[in-house]
Amino acid sequence: MYVCLCRGITESDVREAGRAGFVMPCQLRSKFGLKQNGNCGRCAKNIHELVALAAQGASTSTVER
Ligand code: FES
């Protein structure tokens, strides 16, 4: 499911970012360019949802054995 239509970012993209260590709001805004010109910024206003998805990804990154 898309979490940002302007940038074409999906939930799995955000989880993957979380696995790579991008879990803070400022990190996610920067990584995905959420407040660049031409983007509506709606998803940046709901950044807590992206942070939650990234945290899910980060928590699954330590499952490897
Ligand atoms: S929906 Fe993400 S910038 Fe518009």
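The values are calculated or read from the model by the stated rules, or taken from the named source; none is laboratory data. Since the model is a prediction, treat every value here as computed from it, not as a measurement. So basically every Cβ, Gly included, is an ideal-geometry build from the backbone, and we count neighbours across all protein chains shown.
Structure notes:
- A single entry from Gln36, Gln56, Gln27 fulfils the requirement of being more than 15 Å from the ligand (Cβ to nearest atom) and without any contact (Cβ under 8 Å) to a residue 12 or more places away in the chain: Gln27.
- Of all residues in region 4-24 being β-branched (Val, Ile, Thr) and touching a helix residue (DSSP H, G or I) at 6+ places or on another chain (Cβ under 6 Å), the one that is nearest to the ligand (Cβ to nearest atom): Ile9
- The residues of region 1-39 that are over 22 Å from Thr60 (Cβ atoms) and touching a strand residue (DSSP E or B) at 6+ places or on another chain (Cβ under 9 Å), listed by number, are Gly8, Leu34, Asn39.
- Selection count, region 43-65, where residues are among the charged types (D, E, K, R) and modelled with pLDDT of 90 or more: 1
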